[in-house]
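So the structure is just underneath, and the comments pick up after that.
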Amino acid sequence: MSNPLVDMQKPDVIFCIGTNMTECHPVAATGLKKAIAHGAKMIVADPRRIGLVKMAELYLPIRVGSDVALLLAMAHVIDRDGLVDETFVHERTRDFEAFRAHLRDFTPAWAAKICEVPAADIERAARLYGQAERGAIYYTLGITEHICGVDNVQSLCNLALMTGNIGREGTGINPMRGQNNIQGAGDCGAIPNNFPGFQSVLVEEHQRKFKEAWGVEVDRELGMTKIAALDHCGKSIRAMLIDGENTVVSDPDRDHCDHALRALDHLVVIDIFRTETAELADVVLPATSWGETDGVCTNTERRVQRLRAAVPPMGESKPDWWIIAEIAKRMGLAGFEWQSAKDVFNELCSISPIYAGLDWDRIDKGEYHWPVPTPDHPGTPRLHEDGFVNGRGVFKVLSYRDPAETIDEEYPVWLTTGRRLSIYHTNTQTGRAAGLPWLQSEEELEVHPDDVVAWGLEDGAFVHLTSRRGSVRIKVKATERSPRGTVFCSFSFNATPVNVLTGSGYDPLTETAELKVCAVRIEGVARVEAGS
Amino acid sequence: MTTLDSPKTTAAAATATLTLDGATVEFTLGETLYEVCQREQRHVPTLCYDERLDAFGACRLCVVEVEGVRNPVASCTTKAAAGMVVRSNPARIDKFRRTLLEMVASENRETEVDAERGHASQELSGLIERYDARRDRFRGKQSGKSKLDDSNPFILRDYDLCISCYRCVRVCAEQEGDYAISIKGRGFHTQITVEFDGDLRESACTFCGQCVQTCPTGALADKKALEAKELPGEIELTRTVCPYCGVGCSIDLMTKGDKVIGSRPAMDGPANRGALCVKGQFGFDFIQHPERLQHPLVRGDDGELRRATWDEALDRAAKGFVEAKKNHGRKSVYAIASGRAPHEAAYATQKFVRVGFLSNHVDNCSRS
């Protein structure tokens with residue numbers, strides 16, 4: 001997030017797109033509810049009639065995967081109606097004129113056909129956001145899990161830049177991170193393009209720095225992304241270490257993923273449960289759980305906080321860092337002689353400019369948002385207040401493209417996937433928490449009641465849901481949360497492995513999977529089978 | 001309502017002084033007398049007060065004396081003014097508070113409740129003890145009738161203990177924004193309820209548990225934590241951060257001995273200020289679940305995973321990576337770090353790849 005969570009109470013116009021915040025980030029959503037109670041207006045763009053819609057001033061039920069068209073048309077209106085913050089554009093950005101020229105053809109009437117929402121509503125959304133004193137954008141995986149995920153994010157950046165809604169209280173471009181420490185995994189350099197602290201592996205100065213710190217010739221080439229690595233399993237990739245991820249259930253195109261991991265010569269899995277992924281491993285190593293582990297995590301607002309052990313580890317389980325260090329030492333590697341989580345974290349701080357002012361003891365109360373470049377620095381709750389890291393905010397000229405897969409005669413229905421309030425990801429933790437399964441114990445396919453009738457289905461009966469990659473059996477739930485022609489379910493239940501259907505395409509830059517769109521058909525299960 | 005301003009955005013506010021218990025104290029314009037007393041470390045009791053909520057002024061326990069005003073004033077709803085002369089704890093106020101507490105206690109079936117019930121559950125019993133209030137001085141009618149047949153596994157609705165402070169109603173509306181809890185009737189007929197007098201599951205309730213944690217009598221209680229009430233030992237709290245989404249809510253994990261018995265929102269948590277959702281509030285017991293992996297496993301010659309010692313498993317893990325590197329080159333090894341494990345796990349994973357195999361073949365689970 002460019003802005004801290006406390007800022008969520010402060011916008012006068014809120015634009016939520018591709019974020020089911022009341023279910024996926026419920027506590028963050030309470031901030032928006034307070035802002036609305038105090039008079040803020042909210043625009044919600046989402047294919048589904050999610051919980052936020054009830055609180056919205058304006059709801060745009062856009063077709064899955066049509067975000068770029070909507071955002072281009074909003075930019076068109078903002079420019080056409082003279083709502084551009086010319087001072088901000090002049091002082092803080094570049095390449096606006098090319099973007100402005102590009103916008104001319106992307107009228108609300110053009111976008112309305114793609115997004116399947118009225119042009120008048122697109123105009124209204126543009127004017128609401130464009131006229132905001134403090135306009136804030138919030139998004140989640142509904143923006144990024146597309147083949148055009150990068151374009152979606154850049155389209156949001158264009159809107160914020162042209163209206164000057166960045167670098168001030170109550171504004172910003174705010175992605176809500178989905179996992180407790182997904183931000184931290186990136187901060188720590190567990191990405192193929194950056195050393196810890198987002199220092200690019202391609203920059204000579206960084207290569208020198210890490211060579212010196214670690215005493216080895218670090219690689220000067222980008223690594224593969226996880227998606228590419230799974231494609232190369234059994235070919236160039238022969239051995240893999242997976243720490244705390246149930247890859248088989250969470251990743252797109254489950255069959256492909258399953259085959260990939262089986263094709264490895266050597267798979268080591270570190271986890272707290274014997275997950276579907278652990279079942280494929282040659283070696284399974286038991287990690288200590290949350291509640292048993294001392295450590296650090298970074299939340300969605302870049303706040304660095306301490307995790308503390310409350311109970312001793314179960315059985316022989318050990319902290320992840322200890323396990324990895326032990327493997328490294330047995331391979332004869334140096335530099336893994338840590339005695340505690342504190343040692344590991346302090347080493348990270350010593351080589352990461354965004355953590356340079358932090359150490360284990362300073363983060364005790366969780367007051368700091370990175371970057372914290374020096375020990376006397378107060379931290380950075382709000383990014384870009386005085387300028388952008390690279391000097392000026394750059395407008396990106398981009399265009400709409402269709403999802404990797406569009407509906408046709410054979411696969412006439414859009415499927416989009418997501419998460420549910422009481423269940424977390426592949427349900428390995430929430431499914432083992434007493435009471436939570438009482439709220440939801442099986443997956444359901446949400447279908448608009450009109451479609452249930454039109455397609456000859458029955459509320460509560462099972463159907464086969466089939467995409468070009470596979471088929472699952474799932475129970476139908478008639479609900480107006482789904483729009484006509486689009487169905488929804490989560491990927492949380494292994495009994496309903498929805499990710500056998502997904503995986504139609506990937507963003508060419510980030511290789512993020514288009515989990516939010518795939519084309520499916522729905523067929524009723526014969527009564528004999530339904531009863532068996 | 002307390003707004004969560006970060007220091008950088010708080011304008012230098014105007015200040016003035018008043019006299020509190022004979023001393024001159026400074027305050028910021030807009031502060032209430034209660035806030036001034038709190039900062040000056042005066043004991044001022046409350047029951048309907050929760051610093052995150054709009055002041056309500058219902059329980060009257062926070063009354064103080066203000067010179068020139070005939071009756072005691074509720075400090076939570078009275079703004080501090082320049083030159084005020086305030087006495088926080090004169091004898092007559094003390095007596096007044098005791099009488100009030102005796103009236104409140106007369107409405108209540110039981111004031112001594114298990115601490116497992118919730119964060120604020122000991123507030124009423126604590127005050128009764130402190131003021132040495134008698135529970136039998138008044139014989140009032142009782143308000144609130146328990147709804148113990150609500151079969152939800154999380155929230156006990158023991159309204160016989162209710163004192164109609166409305167904290168649950170207000171926290172649900174003002175903090176959580178769900179407006180699930182409402183009030184039926186007035187006076188002795190007051191009943192805290194939800195729409196159509198039904199079960200929580202059929203209401204707008206999302207089981208975030210905020211009502212449980214703000215209840216000062218334990219009328220709304222944490223059913224999961226109460227299962228541990230017979231366990232010996234004191235409840236201990238450990239401050240940590242929720243393991244689920246990226247909001248980073250601070251949690252006080254509740255333990256008795258070596259057992260995790262519950263989870264509570266940290267009222268001063270920087271990202272959540274006392275809020276949690278159903279996962280953070282009630283989703284903790286995977287930690288000590290019997291299906292946890294408790295020892296290493298290696299795949300045997302029969303193709304099945306079998307129990308192994310750490311030494312055997314770690315040697316086997318290391319050997320496989322060494323062989324891959326030897327036979328297929330340094331770029332034949334890949335690692336995936338977790339977005340759920342702490343920094344130290346991710347840092348160790350990427351260093352393992354970068355130092356061990358001189359490659360950048362490492363990623364985390366953010367692409368799916």
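Among all residue pairs at least 6 apart or on different chains, which show Cβ distances below 7 Å where the first residue, located in region A:143-156, is under 15 Å from A:VAL64 (Cα atoms) and the second is of a type in the set (Gly, Ala, Ser)?
Pairs found: A:ILE143/A:GLY18; A:ILE143/A:GLY149; A:GLU145/A:ALA513; A:HIS146/A:GLY65; A:ILE147/A:ALA404; A:ILE147/A:GLY505.
Out of curiosity, is A:VAL248 under 30 Å from B:ASN272 (Cβ atoms) and open to solvent by less than 30 Å² (accessible area, probe 1.4 Å)?
Spelling it out, it is not the case that A:VAL248 is under 30 Å from B:ASN272 (Cβ atoms) and open to solvent by less than 30 Å² (accessible area, probe 1.4 Å).
Per-residue answers, yes or no, for (1) open to solvent by less than 10 Å² (accessible area, probe 1.4 Å); (2) under 23 Å from B:VAL171 (Cα atoms):
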position	(1), (2)
A:VAL6	no, yes
A:ALA37	no, yes
A:VAL44	yes, no
A:PRO47	no, no
A:VAL53	no, yes
A:GLU57	no, no
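Could you list all residues from region B:87-119 that are among the hydrophobic types (A, V, I, L, M, F, W, C) and either surrounded by 20 or more Cβ atoms within 10 Å (Cβ to Cβ) or closer than 30 Å to B:GLU26 by Cβ (or both)?
B:ALA91, B:ILE93, B:PHE96, B:LEU101, B:VAL104, B:ALA105, B:VAL113
Where in region A:27-145 are there helices (runs of 4 or more DSSP H), lying wholly inside it, with at least 1 residues that are touching a strand residue (DSSP E or B) at 6+ places or on another chain (Cβ under 6 Å), closer than 30 Å to B:THR206 by Cβ and small (Gly, Ala, Ser)?
Hits in region A:27-145: A:119-130.
Strands (runs of 3 or more DSSP E) wholly in region A:386-472 with at least 2 residues that are more than 23 Å from A:ASP46 (Cα to Cα) and open to solvent by 40 Å² or more (accessible area, probe 1.4 Å) - which ones?
A:462-466
Would you be able to tell me the number of residues in region B:28-39 that are surrounded by fewer than 16 Cβ atoms within 10 Å (Cβ to Cβ) and either outside any helix (DSSP H, G or I) or hydroxyl-bearing (Ser, Thr, Tyr) (or both)?
3
Would you mind finding the one in B:ALA225, B:ALA324 that is more than 7 Å from chain A (Cβ to nearest Cβ) and open to solvent by less than 10 Å² (accessible area, probe 1.4 Å)?
B:ALA225
When you go through (1) at the interface with chain B (Cβ under 7 Å from one of its Cβ atoms); (2) free of Cβ contacts under 8 Å to residues at least 40 places away in the same chain; (3) not small (Gly, Ala, Ser); (4) not in a helix (DSSP H, G or I) one by one for A:TRP338, which number turns out not to apply?
Status for A:TRP338: all satisfied but (1).
So which residues in region A:273-307 are within 7 Å of chain B (Cβ to nearest Cβ), free of Cβ contacts under 8 Å to residues at least 60 places away in the same chain, more than 20 Å from B:THR238 (Cα to Cα) and among the β-branched types (Val, Ile, Thr)?
A:VAL283, A:VAL284
Return a yes/no flag: does region A:311-318 have any residue that is over 24 Å from A:GLY431 (Cβ atoms), at the interface with chain B (Cβ under 7 Å from one of its Cβ atoms), open to solvent by less than 10 Å² (accessible area, probe 1.4 Å) and of a type in the set (Gly, Ala, Ser).
No - not one qualifying residue is present in region A:311-318.
Go through (1) more than 24 Å from A:GLU367 (Cα to Cα); (2) in contact (Cβ under 8 Å) with a residue 12 or more places away in the chain; (3) out of contact with any helix residue (DSSP H, G or I) (no Cβ under 8 Å at 6 or more places or on another chain) and name the single condition B:GLU230 misses.
Going through (1) more than 24 Å from A:GLU367 (Cα to Cα); (2) in contact (Cβ under 8 Å) with a residue 12 or more places away in the chain; (3) out of contact with any helix residue (DSSP H, G or I) (no Cβ under 8 Å at 6 or more places or on another chain) one by one, B:GLU230 breaks only (2).
Under 6 Å between Cβ atoms, which residue pairs at least 6 apart in sequence (or on different chains) link something in region B:192-206 that is away from chain A (no Cβ under 14 Å) with a partner that is assigned to a helix (DSSP H, G or I)?
B:ILE192/B:TYR159
Is it fair to say B:ASP252 is outside any helix (DSSP H, G or I) and either more than 30 Å from B:CYS211 (Cβ to Cβ) or open to solvent by 70 Å² or more (accessible area, probe 1.4 Å) (or both)?
No.
Consider A:PRO381 against the criteria (1) closer than 30 Å to A:LYS516 by Cα; (2) of a type outside the set (Asp, Glu); (3) within 13 Å of chain B (Cβ to nearest Cβ): it satisfies all of them except one. Which criterion is unmet?
Against the list (1) closer than 30 Å to A:LYS516 by Cα; (2) of a type outside the set (Asp, Glu); (3) within 13 Å of chain B (Cβ to nearest Cβ), A:PRO381 comes up short only on (1).
Determine if region A:324-331 includes at least one residue that is under 22 Å from B:ALA317 (Cα atoms) and more than 7 Å from chain B (Cβ to nearest Cβ).
yes
Could you tell me whether B:GLY262 is open to solvent by less than 10 Å² (accessible area, probe 1.4 Å) and either within 7 Å of chain A (Cβ to nearest Cβ) or not in a strand (DSSP E or B) (or both)? Show your work before the answer.
Values: open to solvent by less than 10 Å² (accessible area, probe 1.4 Å): yes; either within 7 Å of chain A (Cβ to nearest Cβ) or not in a strand (DSSP E or B) (or both): no.
Here the answer is no, as B:GLY262 does not meet what is asked.
Picking from B:VAL298, B:VAL355, B:VAL362, which residue would you name as being touching a Pro at 6+ places or on another chain (Cβ under 7 Å), at the interface with chain A (Cβ under 7 Å from one of its Cβ atoms) and on the phi < 0 side of the Ramachandran plot? If you could, list the steps in order and put the result at the bottom.
Working: B:VAL298 fails: touching a Pro at 6+ places or on another chain (Cβ under 7 Å); B:VAL355 fails: touching a Pro at 6+ places or on another chain (Cβ under 7 Å).
It is B:VAL362.
Identify the residue in region B:60-86 that is over 32 Å from the mean Cα position of the chain (by Cα) and in contact (Cβ under 8 Å) with a residue 40 or more places away in the chain and, among all such residues, is surrounded by the most Cβ atoms within 10 Å (Cβ to Cβ).
The residue in question is B:VAL86.
The values are calculated or read from the model by the stated rules, or taken from the named source; none is laboratory data. For clarity, every value in this text was computed on a predicted model and none was experimentally measured. A quick note on method: Cβ atoms are made from the backbone with ideal geometry, for glycine too, and the neighbour counts reach across all protein chains shown. Ligands, DNA and RNA are excluded from the accessible area calculation, which covers all protein heavy atoms including side chains. Shrake-Rupley method; radii C 1.70, N 1.55, O 1.52, S 1.80 Å.
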